[in-house]
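A quick write-up on the structure given underneath.
Laboratory data are not the source of any read-out in this text; all were calculated from the coordinates shown. Here the structure is a predicted model, which means the values were calculated and not measured. Methodologically, a virtual Cβ is constructed for each residue, glycine included, from the backbone with ideal geometry; neighbour enumeration extends over all protein chains shown.
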Amino acid sequence: MYRSTVLVCGGTGCTSSGSIQVMDNLKEEIKKHGLAEEVEVVQTGCHGLCALGPIVIVYPDATYYANVQPEDAAEIVAEHLLKGRPVERLIYREEEKKELKTLNDTAFYKKQMRIALRNCGVIDPEKIEEYIGRGGYQALGKVLTEMTPEEVIQTILDSGLRGRGGAGFPTGLKWRFCAVNKVDPEYKYVCCNADEGDPGAFMDRSVLEGDPHALLEAMAIAGYAIGSAHGFVYVRAEYPLAVKRLEIAIAQAEEYGLLGKNIFGTDFSFDIKLRLGAGAFVCGEETALMTSIEGKRGEPRPRPPFPANKGLFQRPTILNNVETYANVTQIILKGADWFKSIGTETSKGTKVFALGGKITNTGLVEVPMGTTLREIVEEIGGGVPNGKKFKAAQTGGPSGGCIPMSEIDVPIDYENLLAIGSMMGSGGMIIMDEDNCMVDIAKFFMEFCVDESCGKCTPCRIGTKRMLEILNKITDGKGTLEDIQKLEELGNYIKDNALCGLGQTAPNPVLSTLHYFRDEYIAHVTEKKCIAGVCKALLSYVIDPDKCKGCTLCARQCPAKAITGTVKQPHVIDQEKCIKCGACMDACKFKAIYKK
Amino acid sequence: MMTLDELKKIREKMQNEVNIRQEAGDRIRVLVGMATCGIASGARPVLRTLADGVQNKNLTDKIVVSQTGCIGLCQYEPIVEVIKPGEPKVTYVHMNPEKAEEVLTRHLIGGHVVRDYTLESSNLK
């Protein structure tokens, strides 16, 4: 039996910063010190604080090590695991306060509430026994032996759980619409949307990688509730680790009889199959996703008929997002009232956000609905780094909008985000500071939508392209005030007329930045100026002759040979030749070069 | 095919392993001094006895056994400290696996401090 457990993060973030090597070294050192029988090393899913990876946590002390390098393994084992002296230099501290922190004491974790991520970073996702040890498959046992399908649906409905994919449709209602179609369970389907495509969003991946059984169990519960015998998980092939762990999880669940025929000796049978998507953004849209599972080109189709009546293979189907499912088992075990007690009037429970961009603690956070953006950015996220000022937060990816400083104290829930021109979306949250140009951000998302438009309907295929052209014109300094108006008009037109969610929401980033940062657009057009200094056509690099010492460093760095001058004399940039790469500014030791 | 009983059995067995992975909270904390002095005088078997005992008796949701460094009383090692929330700390000295077993049964489970082994009883000068 083990007296101590060392958790090593095996999420995609930490893996790419070398956590596997750290884990191997730890295991080897533990063996060397004869501790293999006493200390267990477990590879877990994501802990959330991806910016500080590789992360290693030692229990029972709950010591949180950050940025652990493979060569640190020997010290951790010899000092901490053998002698009980935590390696202080590796312990995560929050900068402003220098004292040592345990996990739940840090600002990053203190305000979080982990329901969907409760097992992420705690269990070994490749061992079904550990999931069971944390209460796994209890909820499935409970529904199959103690509850009727209608009771399950009513519980989910009462809990107030809404779709975490972004639109926020009540999950219980979706299940009920499908359940009323009384057909053979063989011809009814439970689907999971794991086609996470928003730039910057990775919460679904983390659940799949860190707690795959939570998804499988919830899908089986959904199968029982709506009367279906088959489930499909549509996951992108670009998530190899998630796919691998799902495959392992399905095989283990089948081996234990937790998926398959007559689960727990009841009449209920349910199996789950994986379908890999090739990464088209539109396949995250529900009708396109089902078309893709059918083996056809992933294109959306008009609704109605809704999937609850005619979905996959024209049969009644439910489709929920990974994070939605990740809440289901806890609702069954702890009850609808417990879940309902968390969150706001209209949005219950928690939401996972993938924090990225100009923020100190890049990573995954799960907070109760109703938490303000300020709490997420300033407390949990650790604020904007390098002393810069917060400008806006982009939520909802290419379908969402920007939340400016003036709305930072709005409690985040589905309705409030819509009211301020953004949306929940899948939970990507990109923080921007004063160095971000809002026109450029809008352009980035518009480029994404142009690339990802499937081309089936005209408003999206042609409309987004035209919008991008106008944006390019503006950032090139050739825009007019009329263009801004046209942009708005076109955006609203696409919103009303596109066939599916992709097109209907594609103009959002533009419309919301136009709403809150119109002055920036106008500055681009009338003054030909990019305040943030991002749009290359509108800025020039200039050398301040008073500060320039004539060290020639910039001239040597310039790839375009645009800088001239003699030694110890102020240099000059030839604006005709300058390609605005910024290499000179980075090279200058005297801060003599500035953007204008 | 798995029955609910079998699921329960796996859960109980695994619970002890995964229960280690949380902060002590309001559980009883048992700290074993595992610095060089502690190890030299035999702290490791003591730690193992306590850690295994707690897991074998399915007490991981009530008691957490952890190691600590040198507390400065090297001549009294192996030292075991028991910290119950809201109660004064009890320090056991000159421990061995047999004494540890006794502390587990009488103090941690039974709730009675084993006075014979405490620091107070050892005439600390």
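So here's what we get for this one:
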read-out: Per-residue average of Cβ from other chains inside 10 Å of B:35-43; value: 2
read-out: Bins of 5 Å, starting at 0 and running to the largest distance - Cα pair percent for chain B; value: 2, 11, 21, 22, 18, 12, 6, 4, 3, 2, 1, 0, 0
read-out: Cα gyration tensor shape of chain A, rounded if a/c is under 1.5, else prolate or oblate by comparing a/b with b/c; value: oblate
read-out: Antiparallel DSSP beta bridges within the stretch A:128-339, percent to nearest 5; value: 10
read-out: Simple spin-label estimate for B:Thr118 and A:Leu274 in nanometres, 7 Å along Cα-Cβ; value: 5.8
read-out: Reachable lysines, given that their alpha-carbon falls under 16 Å from the alpha-carbon of A:Lys456 and they are not under 8 places away in the same chain; value: A:Lys296, A:Lys465, A:Lys495
read-out: Listed residue (A:Cys558, A:Tyr541, A:Ile531) projecting farthest to the positive dipole end of the stretch A:529-568, Cβ model; value: A:Cys558
read-out: Cβ-based charge dipole, the protein assembly as shown, positive-most Cα from A:Tyr325, A:Leu35, A:Leu364; value: A:Leu364
read-out: Cα-centred dipole magnitude for the stretch A:222-330, charges only on beta-carbon of K, R (+1) and D, E (-1), debye, nearest 20; value: 320
read-out: Lysine pairs meeting the criterion (Cα under 28 Å, 8 or more apart or interchain), as found in the stretch A:4-110; value: 10
read-out: Coil-residue GluC sites (Glu not before Pro) of the stretch A:13-63, DSSP, other Cβ within 10 Å capped at 13; value: A:Glu37
read-out: Violating pairs (Cα-Cα greater than 22 angstrom) within the set B:Lys8/B:Lys99; A:Lys388/A:Lys561; A:Lys391/A:Lys529; value: B:Lys8/B:Lys99; A:Lys388/A:Lys561
read-out: DSSP-loop trypsin sites (Lys or Arg not before Pro) across the stretch A:225-279, with at most 15 other Cβ within 10 angstrom; value: A:Lys261
read-out: Peptide A:58-68 - average C-beta neighbours from other chains (10 Å radius); value: 4
read-out: Given charges at Cβ of Lys, Arg, Asp, Glu: the protein assembly as shown dipole, positive-most of A:Pro240, A:Gly397, A:Ala78; value: A:Gly397
read-out: Estimated 222 nm signal from helices in chain B, with DSSP H stretches of n ≥ 4 weighted -39500 (n - 2.57), rounded to 500; value: -10000 deg cm²/dmol
read-out: Helix-only mean residue ellipticity at 222 nm for chain A, each DSSP H run of n ≥ 4 adding -39500 (n - 2.57), per residue, nearest 500; value: -10000 deg cm²/dmol
read-out: Crossing angle, helix B:4-19 versus chain B [Cα axis fit, 0-90 degrees, rounded to tens]; value: 30
read-out: Calculated FRET value between B:Glu6 and B:Ile109, using beta carbons and R₀ = 35 Å, to 0.05; value: 0.80
read-out: Spin-label pair B:Asn58/A:Ser540, simplified geometry with 7 Å Cα→Cβ offset, distance in nm; value: 8.0
read-out: Chain A: angle of helix A:240-255 to the longest principal axis, Cα-based, in degrees nearest 10; value: 0
read-out: GluC sites (Glu not before Pro) within the stretch A:66-155, DSSP loop, no more than 10 other Cβ atoms inside 10 Å; value: A:Glu95, A:Glu96, A:Glu99
read-out: Unit charges on C-beta of K, R, D, E only; dipole of the stretch A:350-427, Debye; value: 380
read-out: Size of electric dipole in chain A: Cβ of Lys, Arg +1 and of Asp, Glu -1, about Cα centre, debye, nearest 20; value: 1560
read-out: Distance between modelled label sites at A:Ala587 and A:Ile20, nm, 7 Å Cα→Cβ extension; value: 3.9
read-out: Principal-axis tilt of helix B:43-56 within chain B, Cα atoms, nearest 10 degrees; value: 30
